[in-house]
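Please read the structure below before turning to the comments.
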Amino acid sequence: MSTKEYANILISRPDPSVALITLNRPKALNALSSPLFIELNEALAEADQDDAIGAVVLTGSEKAFAAGADIKEMKDKEYSDVFKNKFLENWALMTNIRKPIIAAVSGYALGGGCELALMCDIILASPTAVFGQPEINLGVIPGGGGTQRLAHAIGKSRTMELVLTGRNFSAIEAEKWGVVSRIVGEGEGQVVKEAIDMAKVIASKGKVAVQAGKETVNAAYELSLAEGLRFERRIFHGLFATKDQKEGMSAFAEKRKPTWTHS
Ligand code: CAA
């Protein structure tokens, strides 16, 4: 992955196997402008291509993961602009990334910020995290997937309440409802540190199996149970064609650590 400098995001490698992408529009609380999302998609695609990287961590600042789509950019847009130019449609490109993306959320994750976190594979929250879909207060509804991904994650009644009242929800609620996998202990930077540690663990596994696992879990959000189970079994069977399956199972039988070749 190149060390290219971007205007709206920062890229670093806290470990050779982990890419850390930090949203960096502090004055706008990381509002997700179109240029920011273009950069984010480019950086994620580069991380996906880089064989040395096994997982990506996406974070913002202590005050805001992201306070939503950029309202100042949106406010004068007309229907014909947003329709013809497929406004926000490129956001979902990140769901095609094969490597796991872990969101480390502190502070505000509102509107598009909440939707961005929901497009990641795992969300870790700091106790300060505040989620919400406040678009109703702007005369619109979520447009980055919030109505759908939240409904899948937490059910109709809660999603309806959040989308129609615009009320925020806390890290504790997010954990209770299963939006986040867990709340990480207090302390500045703690949630990012924990996400990097998790990314390192994931990156230490065989990449083929990791990517198969990500694809298969995500299929649960698209397919019926019967189709999903069939898909899982096919992918599981397919992994018997990999060297990593031979190595992983031989290493277990021989009581040694496996050496993955990611093939
Ligand atoms: N877009 C553009 N600018 C934003 C922004 C956003 N979503 N959120 C914050 N900012 C800007 C503010 O305008 C302000 O800029 P100025 O200093 O130039 O005035 C700066 O960031 C700091 O914000 P505040 O002064 O408001 O900070 P605060 O601490 O008082 O409040 C906040 C924080 C509660 C998050 C508040 O900023 C806020 O309510 N933001 C908007 C949240 C929102 O409505 N998000 C949904 C956006 S729509 C969307 O996302 C659509 C979709 O589904 C894709």
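Can you tell me which of ALA67, ALA92 is in contact with a strand residue (DSSP E or B) (Cβ under 8 Å, 6 or more places away or on another chain) and either closer than 30 Å to VAL201 by Cα or not assigned by TED's automatic domain parsing to the domain that holds ALA47 (or both)? One residue alone meets the criteria, ALA67.
When you scan region 78-87, do you find a residue that is within 12 Å of the ligand (Cβ to nearest atom) and either free of Cβ contacts under 8 Å to residues at least 40 places away in the same chain or touching a strand residue (DSSP E or B) at 6+ places or on another chain (Cβ under 7 Å) (or both), even just one? Lay out the reasoning, then the answer.
Of region 78-87, the ones within 12 Å of the ligand (Cβ to nearest atom) are 82, 87.
Going one step further and asking which of them are either free of Cβ contacts under 8 Å to residues at least 40 places away in the same chain or touching a strand residue (DSSP E or B) at 6+ places or on another chain (Cβ under 7 Å) (or both), we end up with 82.
For region 78-87, residues within 12 Å of the ligand (Cβ to nearest atom) and either free of Cβ contacts under 8 Å to residues at least 40 places away in the same chain or touching a strand residue (DSSP E or B) at 6+ places or on another chain (Cβ under 7 Å) (or both): present.
In region 102-145, the residue that is surrounded by the most Cβ atoms within 10 Å (Cβ to Cβ) out of those that are among the β-branched types (Val, Ile, Thr) and within 24 Å of GLU186 (Cβ to Cβ) is VAL105. The residues of region 160-188 that are closer than 21 Å to PRO134 by Cβ and of a type in the set (Val, Ile, Thr), listed by number, are VAL163, THR165, ILE172, VAL179, VAL180. Checking each residue in region 90-119 for being more than 12 Å from the ligand (Cβ to nearest atom), farther than 18 Å from SER33 by Cα and not in a strand (DSSP E or B) picks out THR95, ASN96, ILE97, ARG98, LYS99, PRO100, SER106.
Give me the residue from region 151-164 that is surrounded by 13 or more Cβ atoms within 10 Å (Cβ to Cβ) and small (Gly, Ala, Ser) and, out of that set, farthest from SER126 (Cα to Cα). By that ranking, first place goes to ALA151. Before we move on, is ALA66 under 16 Å from TYR108 (Cβ atoms) and in contact (Cβ under 8 Å) with a residue 24 or more places away in the chain? Yes; evaluated as a whole, the condition is true for this residue.
Look at GLN148 and say whether it is of a type in the set (S, T, N, Q), surrounded by 24 or more Cβ atoms within 10 Å (Cβ to Cβ) and either within 18 Å of ALA67 (Cβ to Cβ) or within 16 Å of the ligand (Cβ to nearest atom) (or both).
no
Restricting region 123-139 to residues that are among the hydrophobic types (A, V, I, L, M, F, W, C) and within 14 Å of LEU150 (Cα to Cα), which is farthest from the ligand (Cβ to nearest atom)?
Of all residues in region 123-139, those among the hydrophobic types (A, V, I, L, M, F, W, C) come to 123-125, 129-131, 136, 138.
So of that shortlist, the ones also within 14 Å of LEU150 (Cα to Cα) come out as 123, 131.
Numbers: ILE123: 17, PHE131: 11 Å.
Checked region 123-139; the qualifying residue farthest from the ligand (Cβ to nearest atom) is ILE123.
Between ARG98, ARG167, ARG182, the distinction of being in contact (Cβ under 8 Å) with a residue 12 or more places away in the chain, more than 29 Å from ALA19 (Cα to Cα) and assigned by TED's automatic domain parsing to the domain that holds VAL18 belongs to ARG167 only. Evaluate the following for ARG167: is it more than 9 Å from the ligand (Cβ to nearest atom), surrounded by fewer than 22 Cβ atoms within 10 Å (Cβ to Cβ) and closer than 29 Å to GLU73 by Cα? Yes: the conditions hold for ARG167.
The values are calculated or read from the model by the stated rules, or taken from the named source; none is laboratory data. Note that the coordinates shown come from a computational prediction; the quantities given were computed from them, not determined experimentally. Backbone-built Cβ (ideal geometry, glycine too); neighbour counts: all protein chains shown.
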